[in-house]
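The block underneath contains the structure these notes are about, expressed in structure tokens.
The values are calculated or read from the model by the stated rules, or taken from the named source; none is laboratory data. Bear in mind that the values here come from a model prediction, so they are computed numbers and not experimental data. Because the Cβ atoms are built from the backbone with ideal geometry, glycine has one as well, and the counts that use them run over all protein chains shown. Only protein heavy atoms, including side chains, enter the accessible area calculation; ligands, DNA and RNA are left aside. Shrake-Rupley method; radii C 1.70, N 1.55, O 1.52, S 1.80 Å.
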Amino acid sequence: MLRSAVATGAAATLAAGFLATAASAQVTQARPAAVTVQAAPDIPVANVKAHLAQFQSIANANGGTRAHGRPGYKASVDYVKGKLDAAGFTTTLQTFTTSGATGYNLIADWPGGDANHVIMTGAHLDSVTAGPGINDNGSGSAGVLETALAVSRAGLQPTKHLRFGWWGAEELGMIGSKYYVNNLPTAERAKIDAYMNFDMIGSPNPGYFVYDDDPKLEGVLKNYFASVSVPTEIETNGDGRSDHAPFKSAGIKVGGLYTGGDEIKTAAQATKWGGTSGREFDACYHASCDTSANISDTSLDRGADSIAYAVWALGTEAPPLPGTVFENTADVQIPDNGAAVTSSVTVSGVTGNAPAALQVGVDIKHTYRGDLVIDLVAPDGSTYRLKNSSSSDSADNVITTYTVNASSEVANGVWKLKVQDIAAQDTGYVNSWKLTF
């Protein structure tokens with residue numbers, strides 16, 4: 001994981017869904033047949049550790065590191081690619097240049113599944129120069145690799161298309177994942193339903209921190225840990241520090257797991273998870289001692305199983321149920337450090353109340369989204385907070401879908417998206433927004 005927060009400026013425009021007019025547009029689609037979600041396999045931790053042993057051997061043979069631009073990184077890529085090629089994946093080696101050296105991303109696609117609905121799972125494969133990077137991030141890379149191999153062993157026939165990624169030069173500022181996202185055509189970005197990131201899943205004094213960027217993806221990982229009676233906390237240290245950030249900036253839903261770095265475990269966390277309070281979750285973070293000895297088998301096992309759980313749950317679920325969509329595509333300027341503005345859609349022809357999972361799709365172009373407070377206002381004036389302002393949220397644009405429990409609201413009527421910029425210097429506008437019932 002990257003040490004310091006890095007603002008990401010990747011921005012993408014989601015494909016236009018409906019008529020580009022100021023009026024609301026409505027589309028009704030048929031309901032698909034239900035598909036049963038398949039149970040995920042248990043991932044053998046011995047297999048994951050075998051991959052880590054290979055990463056350690058590669059580092060030992062190449063100056064003790066697997067960092068970008070060093071031969072140990074390319075050897076790591078070659079090892080992972082060889083395993084995936086033998087297992088029947090279609091692999092792509094993507095190259096880029098940074099810091100005067102060639103970098104590599106490895107992308108692996110599993111045949112089948114709906115190519116218009118992609119579930120992507122990834123981890124960065126590079127270490128820092130100081131050491132072999134076995135926890136950071138050999139652990140996530142090995143867990144994702146072994147999950148991909150489990151897909152092959154099971155002959156999985158997913159409903160959604162499964163894609164896996166191993167990123168280069170994360171430690172230099174998420175360079176590889178930024179390159180991948182920025183070079184995806186807009187239409188291809190729109191096909192990625194979710195990106196799940198696994199950066200450090202084997203910390204020796206572990207905690208279990210789940211990304212809260214998307215409620216559904218957060219819930220999938222929480223469900224896994226609840227199934228093994230392990231409590232979780234929200235991951236608050238990694239926004240902008242790992243490879244989910246470029247995906248999030250491009251409007252792709254993200255989730256993931258982190259078992260802790262150089263933060264100090266509190267007494268309450270030690271009571272919850274075991275281990276030693278007053279010490280780092282990983283005392284060898286970004287150090288030469290981040291070797292194969294710097295791993296908790298328990299956290300590695302749980303982390304790898306959580307990856308498989310997420311891939312199976314998301315990849316074999318029924319395609320998203322279409323519904324009735326009401327959209328406003330008229331641009332509304334947002335005053336800099338000014339009064340709130342609203343954009344309205346009129347809902348009609350919907351029986352009864354709004355759903356418990358009302359989808360609110362938002363496309364706001366803005367040069368600093370941390371300035372923005374966003375609310376959904378129901379026809380009776382009830383307000384649902386979608387996004388708070390945050391001085392640490394330094395990326396641009398808000399392109400995402402929020403889920404609101406609006407089951408107490410009558411569906412028909414005028415709904416409003418209310419947006420306020422609460423700080424000076426950055427500007428933007430509401431590009432479009434929509435409600436899906």
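Examine segment 225-233 for a residue that is acidic (Asp, Glu) and either open to solvent by 70 Å² or more (accessible area, probe 1.4 Å) or over 18 Å from residue 140 (Cα atoms) (or both), and state whether such a residue exists. Looking through segment 225-233, at least one residue is acidic (Asp, Glu) and either open to solvent by 70 Å² or more (accessible area, probe 1.4 Å) or over 18 Å from residue 140 (Cα atoms) (or both).
Within segment 391-427, the residues that satisfy the criterion of being in a loop (DSSP other than H, G, I, E, B), hydroxyl-bearing (Ser, Thr, Tyr) and at pLDDT 90 or above are 407, 408, 427. Scanning segment 160-188 for residues that are among the hydroxyl-bearing types (Ser, Thr, Tyr) and either modelled with pLDDT of 95 or more or within 26 Å of residue 128 (Cα to Cα) (or both) yields 177, 179, 180. Among the residues of segment 116-139, those identified as in a strand (DSSP E or B) and at pLDDT 95 or above are 118, 119, 120, 121, 122, 123, 124, 127. Screening segment 82-112 for residues that are in contact with a helix residue (DSSP H, G or I) (Cβ under 7 Å, 6 or more places away or on another chain) and at positive phi and picking the one that is surrounded by the most Cβ atoms within 10 Å (Cβ to Cβ) gives 88. Residues that are open to solvent by less than 20 Å² (accessible area, probe 1.4 Å), farther than 15 Å from residue 328 by Cβ, in a loop (DSSP other than H, G, I, E, B) and out of contact with any strand residue (DSSP E or B) (no Cβ under 9 Å at 6 or more places or on another chain): does segment 371-380 have at least one? No, segment 371-380 contains no residue that is open to solvent by less than 20 Å² (accessible area, probe 1.4 Å), farther than 15 Å from residue 328 by Cβ, in a loop (DSSP other than H, G, I, E, B) and out of contact with any strand residue (DSSP E or B) (no Cβ under 9 Å at 6 or more places or on another chain). Exactly one residue among 335, 355 is within 28 Å of the chain's Cα centre (by Cα), over 29 Å from residue 258 (Cβ atoms) and open to solvent by 10 Å² or more (accessible area, probe 1.4 Å), and that residue is 355. Going by the structure shown, is residue 236 open to solvent by 10 Å² or more (accessible area, probe 1.4 Å) and at pLDDT 95 or above? Here the answer is no, as residue 236 does not meet what is asked. No other residue among 142, 150 is hydrophobic (A, V, I, L, M, F, W, C), assigned to a helix (DSSP H, G or I) and under 20 Å from residue 289 (Cα atoms) apart from 142. Can you say whether residue 259 is more than 22 Å from residue 236 (Cβ to Cβ) and either crowded, with 23+ Cβ neighbours inside 10 Å or within 25 Å of the chain's Cα centre (by Cα) (or both), as far as the supplied structure shows? For residue 259, the condition - more than 22 Å from residue 236 (Cβ to Cβ) and either crowded, with 23+ Cβ neighbours inside 10 Å or within 25 Å of the chain's Cα centre (by Cα) (or both) - is not met. Going residue by residue through segment 167-178, is there one that turns out to be open to solvent by less than 20 Å² (accessible area, probe 1.4 Å) and over 30 Å from residue 78 (Cβ atoms)? Checked segment 167-178: no residue is open to solvent by less than 20 Å² (accessible area, probe 1.4 Å) and over 30 Å from residue 78 (Cβ atoms). The one condition from (1) under 16 Å from residue 195 (Cα atoms); (2) part of a loop (DSSP other than H, G, I, E, B) that residue 289 does not meet is (1).
Taken as a whole, the condition of being closer than 14 Å to residue 255 by Cα, part of a loop (DSSP other than H, G, I, E, B) and not aliphatic (A, V, I, L, M) applies to residue 212. Of all the criteria given as (1) within 30 Å of residue 411 (Cα to Cα); (2) small (Gly, Ala, Ser); (3) crowded, with 21+ Cβ neighbours inside 10 Å, the one not satisfied by residue 310 is (1).
Table: residues versus (1) modelled with pLDDT of 95 or more; (2) in a loop (DSSP other than H, G, I, E, B); (3) at negative phi; (4) touching a Phe, Trp or Tyr at 6+ places or on another chain (Cβ under 6 Å).
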residue	(1), (2), (3), (4)
306	yes, no, yes, yes
309	yes, no, yes, yes
312	yes, no, yes, no
317	no, yes, yes, no
322	no, yes, yes, no
327	no, no, yes, yes
330	no, yes, yes, no
339	yes, yes, yes, no
342	yes, no, yes, no
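Residue-level check: of (1) among the hydroxyl-bearing types (Ser, Thr, Tyr); (2) in a strand (DSSP E or B); (3) in contact with a Pro (Cβ under 6 Å, 6 or more places away or on another chain), residue 177 misses just (2).
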